[in-house]
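In what follows, a structure is listed as structure tokens, so that the remarks can point back to it.
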Amino acid sequence: MMTKEGANARQATSSKRRPGLLKKASELYAFCAIEMAVIVLSPRGKPFYFGHPSVDATVDMREHPKMACIDATQQAQTDRQQILEKLNKQYVDVLEQLKAGMKGAKELSDIKPLRFENFSFNDFVVFGKWLEDVENAVDKRRTELLALESSSSTPCPGAIKASVRSQNDKCDYPCKAQVGN
């Protein structure tokens, strides 16, 4: 390589190549996780630099290696402590979720099956009203899904099933109306 002739040519080349050099230094840090300092002086004497953790810290480590070792050890301990605290928090969150799941499982196991033979007439009336409310809620949701599907360019699977059901008006499982047919 030859040195460029003329101050303007050197300045132009320097300004074009400097960002690439600093980018390469940044990539070297990112890929290798090394501590580095790059200081570039332009032909006019203006400094440009990149350093990790900083140029000053990197130079100090070079000048005072024992202090740098202590600082690095303290930083590593701090990093480990932060990671440990984060993992402990995640552990506590998972334990809480597990306890909630266990509580829900216990509640589900405590549910007893419904025995119709013990129902009175009034119990059937109340149960029938509840079933009507559930059916109305399902129909309302089906209508919402159909409206959502018609306004969206991407069909919603639930809306498609609801549309098919409303067109066929048949149950997916045998009911009294289908059993007699």
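Points worth noting:
- Candidates 47, 53 - the one that is in contact (Cβ under 8 Å) with a residue 12 or more places away in the chain and either of a type in the set (Lys, Arg) or at negative phi (or both): 53
- Residue 13 vs. criteria in contact (Cβ under 8 Å) with a residue 12 or more places away in the chain and either of a type in the set (Ser, Thr, Tyr) or surrounded by 15 or more Cβ atoms within 10 Å (Cβ to Cβ) (or both): no
- Here 76, 25, 68 are screened, and the one residue that is assigned to a helix (DSSP H, G or I) and at pLDDT 80 or above is 25.
- Single residue of the stretch 79-128 satisfying the filter (basic (Lys, Arg) and surrounded by 10 or more Cβ atoms within 10 Å (Cβ to Cβ)) that is farthest from the chain's Cα centre (by Cα): 103
Conditions tested, residue by residue: (1) within 35 Å of the chain's Cα centre (by Cα); (2) closer than 27 Å to residue 11 by Cα.
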| position | (1), (2) |
| --- | --- |
| 26 | yes, yes |
| 36 | yes, yes |
| 42 | no, yes |
| 48 | no, yes |
| 60 | no, no |
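- Residues that are open to solvent by less than 90 Å² (accessible area, probe 1.4 Å), modelled with pLDDT of 85 or more and small (Gly, Ala, Ser) do not occur anywhere in the stretch 166-174.
- Pairing residues of the stretch 112-127 that are free of Cβ contacts under 8 Å to residues at least 40 places away in the same chain with residues that are open to solvent by less than 100 Å² (accessible area, probe 1.4 Å) and of a type in the set (Gly, Ala, Ser), at Cβ distances under 8 Å and at least 6 apart in sequence or on separate chains, gives no pairs at all.
- Selected residue (criterion: least open to solvent (accessible area, probe 1.4 Å)) from residues of the stretch 30-54 that are closer than 26 Å to residue 75 by Cα and at pLDDT 80 or above: 36
- Each residue in the stretch 79-119 was checked for being among the hydrophobic types (A, V, I, L, M, F, W, C) and not in a helix (DSSP H, G or I), and 3 of them qualify.
The values are calculated or read from the model by the stated rules, or taken from the named source; none is laboratory data. Note that this is a predicted model, so its numbers are computed, not measured. Don't worry about glycine lacking a Cβ; one is built from the backbone with ideal geometry, like all the others, and counts go over all protein chains shown. Each accessible area value is taken on the protein alone, full model and side chains, heavy atoms only, with ligands, DNA and RNA left out. Shrake-Rupley method; radii C 1.70, N 1.55, O 1.52, S 1.80 Å.
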